[in-house]
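The values are calculated or read from the model by the stated rules, or taken from the named source; none is laboratory data. On a predicted model such as this, the values are computed, not experimentally measured, just so you know. Quick reminder, even Gly has a Cβ in these numbers, built from the backbone with ideal geometry, and neighbours come from all protein chains shown.
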Amino acid sequence: MAAAAFRANRFEEAEGLYTEALEAAESGQQKAAALNSRAQCRLKLKNFEGAREDASTARALEPENPKAWYRLGSALSALGRLAEAQEAYEEAQRQRPEDSDVRSALLSVLRRRNEREGRYDWLQVYQKYFETGPLAVAAAKGKSKCNERSEESEETECFQERLIATLGVEPYVGPVRLGYSEERGRGLFVTEDVPKGRLLLCAKALVTGLNEDLPKLLRQQCVGGLLDLVRSLSRGTPESERKMPATSVVQLADPQELLETDESADELTLEEARDILYHNQFSLPLVNPNAAPLEVGNDTERSGLWLLPVFVNHSCLPNVQRIIVLDCLFLRAGRDLKCGDELFDSYVETLQPFWHRRDSLEGYGFHCSCERCIFEEAVYGGHKEDLEKLFDQAADAVRSRADGAALAEQTEAVATAVDIFMDQRLAIALQGGGLPETFKVPKLPLSAQRMAMLRGGFERPNDAEEEMYFQQQDVLQALLLGSVANVLRGYALSLRGLNRFVEAASAGKRSLDAIDEVLPCSELSAIVANDMLSNKLLAFHLDYKQAAKKEMQSALQRSHWAYGGGAVVWRHFSDKLFAPSVLDGGAATWQKLQMDDPKLVDGRGYQAAPVEAAAVSKEKPGFEDLLRKRAAKQRTKVDSEKVMEPKQTPSVSPHTPEREVVATQPPSSAAGGASCEVSASTEEGVPMVTCRVTLPGLTSAEANLEVSEMELRVTSLRSDVPHCVRATLPFSVDPSSSEAKWSKRQQCLTVRLQGQKSRNLKLETP
């Protein structure tokens, strides 16, 4: 009868019947059998402590009974006593090694123990991350149309249908503590030195769901002590930031452990719930897994409440990176942190000027005066209208729906104007003095013109001191450009749309520098780095070993800092963007990076597992094969043109300590009136080649540049202006070192290349 009741899912009835069987049992074997069966009933009824007691007694009666050890392991696992559960499962496996259920349960406990130490299966985690895309939103919307019911039980059931799925991993709290500062009130602080990219915590949500349901869901969850805790969260006033919660950070990371079933006369009102959520909820991500590169945005219809991350205070220079996967929020260090540093997140869109950020923060009840806001206000605060005009021009360019070349020209004009504006305002502010001392300010600031020449590679620093001042000022410039990084990225994307991949990579680098200063180790940083890698690969025919070596390393590092998981996770996010051979090359590159940089670790000092190179299928031509064929056709076409080879008639220029010009080639003519001038030099002992290609009648978006180890080629993309230039280089160069600059006024492309370091190059003047 008891077994029949259990099979019919009448677990309470079965528990009572097994209790009667236990009382009637005469032998130890009979008692153990009844205890094991009752333990199974109690597991189903979620009476885990009772199940543990029954299984423990059954184990004592029959130590060689694998069922008793298995039931004990299940009860201990449910109670969170994972080390003891592992021992019980291991004993059950020893007694019954062929049992797949025991083996699966043991693996589950081992996984959970790893997760509690911050060691997650990141590939499995981010497979769930893609489930936050448009299809999940559509499913949630469909479920939200369920009929409203008056009875509370039916209403609760309706809400349960609309809850966001759980990730099913253990929470983790790393070197983090709750603390208090006089300036900001409560906050989270690190308890040891932390390198950027390290996982700080994984918190589970108290509630997640559609925004329209969230207040009611929160109200249902908040009873007993949890009600007091939720009421103590920030309400946007200084008073609400003073009281420290009595709950530990571990309990805050897993609020389900704080849920109580006791009825209470007091309850959270809907008005209170809405107010608390307004100041503390996080929007869920909206991921488009079919985009290449990946597209991530904020879901305007779904949110959640996490009790531990809400104690992270705001700064317009955040030092943490937040990723939400279903009901779990992962927080990583965005910068290298020192013991005692406070953690800061950004509550608003960060890539905008300080006055827009301050307007957005008014709803949170404070006026932001972080070091970035003070710095920006001191540099360009009096020129708000000038910067707003540039933003309007950028928006007008997008709305104009111009063709590719016209759009690139318009976005280039805005990006150049923005860069010049920030350069000039910074130079004036540095010369005037009085800037915050938070940032490293050069003692002898350089003029905007001098900065532009040095940054473009047209001139070299006079000495080591000027080099240091240039680097300091360039960092400050990148910080200012963080407010207009979206404009810079728009220009890079317009160039990519015209297949101007080398220039797109160069423009993307400027955008990435700005993003790294404002949002380091962020998803956006990883996405832009992948963009740059893609552009270089397209420009140099998938040569990731040489031409795109730096970009490959950059993409892997930034992916790891943002997501963890090394090359395995990078491959998962990039499989629609890169060819199989490039993805395989990422694994080898990552292994070398780990050997060179011990900081590239994950979790609590555990290195991300290396990925084995996958075999590349040769059954059908892939993207890389098609690209190679296209490159071969282009070479055949170029070779058929009447291109005059540059004459090898070098000449000598005066020697200087920093830059020695060793050999030059006079301009060589090419089809359509174009010309190319090649000069060789040594700069601080490094062989360099500079090529100046004049292309009359073309814009920066109408020519294609190709560089190999011994040759440079520039081909017009316009049939009516058929320029075609080919120049033989004086020695072997590193294609990945190419830096290209376009002069609109002179209609000239300047390309600088560095000699191969692996070869013993010696330039001689005949």
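When ALA395 is evaluated against the numbered criteria (1) surrounded by 17 or more Cβ atoms within 10 Å (Cβ to Cβ); (2) without any contact (Cβ under 8 Å) to a residue 60 or more places away in the chain; (3) of a type outside the set (Ser, Thr, Tyr), which criterion, by number, is the only one it fails?
If we test ALA395 against (1) surrounded by 17 or more Cβ atoms within 10 Å (Cβ to Cβ); (2) without any contact (Cβ under 8 Å) to a residue 60 or more places away in the chain; (3) of a type outside the set (Ser, Thr, Tyr), just (1) comes out false.
Only one residue in ALA33, ALA92 is within 26 Å of ALA8 (Cβ to Cβ) and either hydrophobic (A, V, I, L, M, F, W, C) or at pLDDT 95 or above (or both), so which one is that?
Unique residue meeting the criteria: ALA33.
So, in segment 228-248, how many residues would count as being out of contact with any Asp or Glu (no Cβ under 7 Å at 6 or more places or on another chain) and over 15 Å from LEU206 (Cβ atoms)?
11
Would you check if there is a residue in segment 427-449 being within 32 Å of the chain's Cα centre (by Cα) and in a helix (DSSP H, G or I)?
Taking every residue of segment 427-449 in turn, none turns out to be within 32 Å of the chain's Cα centre (by Cα) and in a helix (DSSP H, G or I).
Go through (1) touching a Cys at 6+ places or on another chain (Cβ under 9 Å); (2) surrounded by fewer than 17 Cβ atoms within 10 Å (Cβ to Cβ) for ARG372 and report which single condition fails.
If we test ARG372 against (1) touching a Cys at 6+ places or on another chain (Cβ under 9 Å); (2) surrounded by fewer than 17 Cβ atoms within 10 Å (Cβ to Cβ), just (2) comes out false.
Output the residue which, of all residues in segment 735-754 that are surrounded by 19 or more Cβ atoms within 10 Å (Cβ to Cβ) and in contact with an Asp or Glu (Cβ under 8 Å, 6 or more places away or on another chain), is modelled with the lowest pLDDT.
Once the filter is applied, the top-ranked residue is SER736.
List every residue pair whose Cβ atoms sit under 6 Å apart, with the two residues 6 or more apart in sequence or on different chains, where the first one lies in segment 574-589 and is without any contact (Cβ under 8 Å) to a residue 24 or more places away in the chain and assigned to a helix (DSSP H, G or I) and the second, anywhere, is surrounded by fewer than 20 Cβ atoms within 10 Å (Cβ to Cβ) and among the charged types (D, E, K, R).
Final answer for the pair search is none.
Filter segment 699-719 down to residues that are of a type in the set (Lys, Arg) and either under 19 Å from THR411 (Cβ atoms) or modelled with pLDDT under 80 (or both), then give me how many there are.
Summing the residues that are of a type in the set (Lys, Arg) and either under 19 Å from THR411 (Cβ atoms) or modelled with pLDDT under 80 (or both) in segment 699-719 gives 1.
Condition first: within 22 Å of ALA165 (Cβ to Cβ), surrounded by fewer than 22 Cβ atoms within 10 Å (Cβ to Cβ) and not hydrophobic (A, V, I, L, M, F, W, C). Now tell me which residues in segment 304-326 satisfy that.
ARG322 - this is the single residue of segment 304-326 that is within 22 Å of ALA165 (Cβ to Cβ), surrounded by fewer than 22 Cβ atoms within 10 Å (Cβ to Cβ) and not hydrophobic (A, V, I, L, M, F, W, C).
Just to be sure before I move on: is GLY209 surrounded by 15 or more Cβ atoms within 10 Å (Cβ to Cβ), modelled with pLDDT under 85 and of a type outside the set (Ser, Thr, Tyr) in the structure I sent?
Spelling it out, it is not the case that GLY209 is surrounded by 15 or more Cβ atoms within 10 Å (Cβ to Cβ), modelled with pLDDT under 85 and of a type outside the set (Ser, Thr, Tyr).
Among what's in segment 289-298 and is at pLDDT 75 or above and touching a helix residue (DSSP H, G or I) at 6+ places or on another chain (Cβ under 7 Å), pick the residue that is nearest to ARG231 (Cα to Cα).
VAL296
Only residues that are among the charged types (D, E, K, R) and assigned to a helix (DSSP H, G or I): list them for segment 95-124, please.
The answer is ASP101, ARG103, ARG111, ARG112, ARG113, GLU115, ARG116.
Return yes when ASP327 is in contact with a strand residue (DSSP E or B) (Cβ under 8 Å, 6 or more places away or on another chain), in contact (Cβ under 8 Å) with a residue 12 or more places away in the chain, closer than 23 Å to LEU277 by Cβ and outside the structural domain of HIS560 (by TED's automatic domain parsing) and no when it is not.
Yes.
Within segment 88-114, restricting attention to residues that are loosely packed, with under 15 Cβ neighbours inside 10 Å and free of Cβ contacts under 8 Å to residues at least 12 places away in the same chain, which residue is farthest from ASN65 (Cα to Cα)?
LEU107
Exactly one condition in (1) over 17 Å from LEU277 (Cα atoms); (2) in contact (Cβ under 8 Å) with a residue 40 or more places away in the chain; (3) surrounded by fewer than 21 Cβ atoms within 10 Å (Cβ to Cβ) is not met by CYS202; state its number.
(3)
Any residue that is modelled with pLDDT under 90, within 30 Å of the chain's Cα centre (by Cα) and not assigned by TED's automatic domain parsing to the domain that holds MET688 - is there at least one of those in segment 455-465?
yes
Restricting attention to segment 441-486, which residues are within 30 Å of ALA402 (Cβ to Cβ), crowded, with 18+ Cβ neighbours inside 10 Å and without any contact (Cβ under 8 Å) to a residue 60 or more places away in the chain?
Within segment 441-486, ALA448, GLN477, ALA478 meet the criteria.
It is to be established whether one or more residues within segment 76-99 are acidic (Asp, Glu) and farther than 30 Å from ASP254 by Cα.
Yes: one or more hits.
Can you name every one of the strands (runs of 3 or more DSSP E) wholly within segment 184-253 that holds 2 or more residues which are farther than 14 Å from GLY174 by Cβ?
Result: 185-190, 207-210.
Output the number of the condition that VAL725 fails; it satisfies all remaining conditions of (1) outside any strand (DSSP E or B); (2) modelled with pLDDT of 85 or more; (3) among the aliphatic types (A, V, I, L, M).
(1)
If a residue has to be within 22 Å of GLU523 (Cβ to Cβ), among the hydrophobic types (A, V, I, L, M, F, W, C) and free of Cβ contacts under 8 Å to residues at least 60 places away in the same chain to count, how many in segment 487-512 make the cut?
Counting residues in segment 487-512 that are within 22 Å of GLU523 (Cβ to Cβ), among the hydrophobic types (A, V, I, L, M, F, W, C) and free of Cβ contacts under 8 Å to residues at least 60 places away in the same chain gives 5.
Among the residues of segment 547-580, how many are buried (at least 23 other Cβ atoms within 10 Å of the Cβ) and within 26 Å of LEU705 (Cβ to Cβ)?
Adding up the residues that qualify gives 9.
The rows are residues; the columns are (1) closer than 22 Å to LEU167 by Cα; (2) of a type outside the set (Ser, Thr, Tyr).
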| residue | (1), (2) |
| --- | --- |
| ARG52 | no, yes |
| ALA55 | no, yes |
| PRO66 | no, yes |
| TYR70 | no, no |
| TYR89 | no, no |
| ALA92 | no, yes |
| SER100 | no, no |
| LEU107 | yes, yes |
| ARG112 | yes, yes |
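Please enumerate the residues belonging to segment 275-293 that are closer than 14 Å to LEU206 by Cα and either in a loop (DSSP other than H, G, I, E, B) or in contact with a Cys (Cβ under 8 Å, 6 or more places away or on another chain) (or both).
Scanning segment 275-293 gives a single hit, GLN281.
Could you please give the count of residues in segment 530-554 that are in a loop (DSSP other than H, G, I, E, B) and under 21 Å from the mean Cα position of the chain (by Cα)?
Residues in segment 530-554 being in a loop (DSSP other than H, G, I, E, B) and under 21 Å from the mean Cα position of the chain (by Cα): 1 in total.
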